[in-house]
Amino acid sequence: MEMVNMIIDGGKFKVPKNFTILEATRIAGVKVPTLCNHPELRPEGNCRVCVVEVKGARSLVASCVYPVSEGMVVNTNSPAIREARRMVVELLLANHPQDCLSCQRNLHCELQTIAAEVGVRQVRFDGEKKNYPLDNSNPSLVRDQNKCIVCGRCIRACSERQGVHVYSFANRGFNTTVVPAFNQGLDKVSCTYCGQCASVCPTGAIVIKDDTAPVWQALANPAKHVVVQTAPAVRVALGEALGMPPGSVVTGKMVAALKRLGFSKVFDTNFSADLTIMEEGAEFLDRLKNGGTLPMITSCSPGWVNFAELFYPDLLDHLSTAKSPQQMFGALVKTYYAEQAKLDPANVISVSIMPCTAKKAEAIRTEMCASGYRDVDYVLTTTELAKMIQEAGIDFHFLAEENYDDPMGIATGAGVIFGASGGVMEAALRTVSELITGEELECIDFKDVRGLKGVKEATLDIGGTEVRVAVVHTLLNARKIMDKIRAGEANYHFIEIMACPGGCIGGGGQPISMTNDFRQKRIDGIYECDTKSTIRKSHLNPAIKELYTSWLGEPLGEKSHKLLHTHYHQQYRD
Amino acid sequence: MSNQCKCNCGGKSNAFTQLDEILSKYQNTKGALIPVLQEAQSAYGYLAREVVDYIAEKMNIPVSQIYGVVTFYSQFHLNPRGKNIIRVCQGTACHVRGAKAILKAVEDNLKIAAGETTSDLNFTLETVACLGACGLAPVMMVNDDTHGRLTPEGITEILDKYR
């Protein structure tokens, strides 16, 4: 790599030629404050908080967009720079609602942090305030433009990461806003509710819809039997939301905390992930043998399902009809479980803890009432659960680990890896291989489909049958592969698609992390759970076997069809 | 999302024949969005939602981005424009000579706010930063006619000429 010599704050440094000044200052151990800049998004230089002095330049420059050059002399710390940064933040605060104490992002707000870091002690300007209505139009996200600092990160996340292009800057000057087309609510545009915009928003302008109130209410109602399921990716991120290092595996503490909160039963979505593999695996084999629509594509990620229904309605036959683990679980809670536990399903409240904002929308789809009741009553994200734990005064660090309840808390390593990109595919392959060959699979780690690469491909020989698979994450990559399918250029048999980067571990409902490698750490946590599992193949889960023998019958059977499978339809939003 | 025809023709007629001609003229030109929008607006009078959606689909540009461009430039209009365009000056000279009261008088008379169009599509009311006629302040234009040394009381008489 070609390097250039430069001087930063008097020290000599060699930095790659393609770096910006901001990147170079990181090498120099300087923490230049940033706000509109995001380590994973294209820099735009909108906010000017990161200004520095470049010798010879007429004015301060925005370091996030200014390329380095040979012999450049940069100063990052002078009275003029500090005053300029403080002024920028003060001006942002001048028309910002100063309701930090009651804001959802209180203590997790980058604007708040930066105001403290640059030393704002007074806001000298009393600016005109904005007065935009709240966008509360949809089940997943709440937008408050009054808190928007027009940094444009959400625009970039939605277009660069997801290829969905919901947001754009609109209007001009003081009236500049970040809005969906025609200033409509997210429910009226092609929003998949993936929540990646909320996960890059530095303030409280885009936040996760808070559904904790009805859950608190249900927990306080002695007439209700409140059951909770926890998704695989929650256990590797909840600790992070409660002050532990990224990737901490907190399964046992989480179960204990949920019991303390008053849930009657704490179950594991991994159980229904195993069930998903049974149904989806059987469906795949059926399609393979009987000439069904191929490639078959996974349907666990509701952000991805929304995306398919919005942008690829002609290809919906490719989606597995198997419901997502959340919805399979929901359908069983008020039928199978209620029967076993001799409960009136009308008194059972089914709550799920998910890393995902789109799951909130999935749970209220009209067809998700297979049990005769709302299959999943409330969906809380990882961050909402963290908030409940804090609100209840539970000291998470000191909690002793507890185990999930039986029978829907029994799960395999194949279930837990659903939380990472490639996990559904790997879990399916572990089961499908044995179903095809009838022999025990020796090496069950399908490492080609793991990791953070955008598109992963593998060709496998399963008992003489060649199976070509692909795994993609982020909707931008989904678009690429769907366009290939539409053009007839994708010769895969089976594709896994997850909407969020890294899969569910990088979901919109997860704690916001600016650590560059936080996703890998969460992924490592997921595979750690898998390797530590005694059973690592879904079809060997004794609780799943029991479920089929005593109640459900066969995969793809009549009861399965009614409870565990669904259909997709084109979405019209306006 | 959908670009289906929203009238009652059942999708049989293509209401966008003119627009198709404009689009085909620019189909191989990069960065043609603004000229397409300008020509579409001059063909249809304003940029209706359906027109913007259609342009987005045909040019393969996200509709959110086109909305951003349309709202950035004051030359583009998303709503029908009135037969008469009133532009009330809010420049410095007019401001010190009572432009706010003039604007309010026009708004009260037409029962619309600045930026809006009367429901009978007779008037569109806009503000401008300076009309370059500071000697006549406070001033406004109706179409190509300049009206100066305005008083709030005189507004009705002027507007009545255009009714």
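The distance between label points at A:ASP126 and A:ASN171 comes to 2.3 nm (points 7 Å beyond Cα on the Cα→Cβ vector).
As a proxy for reagent exposure, A:LEU540, A:LEU92 were ordered by neighbouring Cβ count within 10 angstrom, fewest first; the result is A:LEU540, A:LEU92.
Our Cα-only numbers for region A:213-564 put the radius of gyration and Dmax at 19.0, 57 Å. Gaussian network model of chain B, Cα springs within a sub-10 Å range: biggest mean-square fluctuation belongs to which of B:GLY68, B:GLY98, B:GLY45? Highest fluctuation among the options: B:GLY68. Please give, to one decimal in nm, the separation of the simple spin-label points placed at A:THR366 and A:ASN221, each 7 Å out from Cα toward the Cβ. About 2.5 nm, to one decimal. With respect to chain A, whose longest principal axis is taken over its alpha-carbon atoms, helix A:382-391 is tilted by about 80°.
Angle of helix A:269-290 to the longest C-alpha principal axis of chain A, folded into 0 to 90 degrees and rounded to 10: 70°.
All Cα-Cα separations within region B:27-156 were binned at 5 Å from zero, giving a P(r) of 2, 10, 19, 18, 14, 12, 11, 8, 4, 2, 0, each value a whole percent of the pairs. Under 5 Å from the amide H of B:LEU78 lie the amide H atoms of B:LEU47, each residue being 5 or more positions distant or on a separate chain, with H modelled from the backbone and absent for Pro and chain starts. Rank B:THR17, B:THR124, B:THR146 by mean-square fluctuation in a GNM of chain B with C-alpha springs under 10 angstrom and give only the top-ranked residue. Looking only at B:THR17, B:THR124, B:THR146, the largest GNM fluctuation is found for B:THR17. Neighbour counts of other Cβ atoms within 10 Å put A:SER159, A:SER352 in the fewest-to-most order A:SER159, A:SER352.
Once divided by 2.2 N^0.38 Å, the Cα radius of gyration of region A:119-244 becomes 1.30. Length available on full extension from A:THR212 to A:LYS342: 0.36 nm per residue minus the Cα-Cα distance, which gives 44.1 nm. With the helix formula -39500 (n - 2.57) applied to DSSP H stretches of n ≥ 4, chain A reaches a computed 222 nm mean residue ellipticity of -9000 deg cm²/dmol. What angle, in degrees between 0 and 90 and rounded to the nearest 10, separates the Cα long axis of helix B:49-59 from the longest principal axis of the Cα atoms of chain B? Value to nearest ten degrees: 50.
Provide, as a two-decimal number, the C-alpha radius of gyration of region B:84-160 over 2.2 N^0.38 Å, N being how many residues it has.
0.97
Please work out how much length the chain gains when fully extended from A:SER69 to A:GLN570, using 0.36 nm per residue of separation minus the C-alpha to C-alpha distance, in nm with one decimal.
Contour length minus Cα-Cα distance gives 175.2 nm.
Modelled this way, with points 7 Å down the Cα-to-C-beta line, the labels at B:ALA101 and A:THR515 are 6.6 nm from one another. A simple rule links phi to the HN-Hα coupling: the Karplus curve 6.51 cos²θ - 1.76 cosθ + 1.60 with θ = phi - 60°, which for region B:30-43 gives 7, x, 8, 4, 5, x, 5, 5, 4, 6, 5, 5, 6, 6 Hz, with x for Gly and Pro. Ranked for footprinting exposure by Cβ neighbours inside 10 Å, fewest first, A:VAL61, A:VAL432 give A:VAL61, A:VAL432.
Sorted into 20 angstrom bins from 0, the C-alpha pair distances of the protein assembly as shown split as 15, 42, 32, 10, 1 percent.
Laboratory data are not the source of any read-out in this text; all were calculated from the coordinates shown. In this text, all values refer to a predicted model and were calculated from it rather than measured experimentally. Here Cβ is always computed from backbone atoms with ideal geometry, including for glycine, and neighbour counts include all displayed protein chains.
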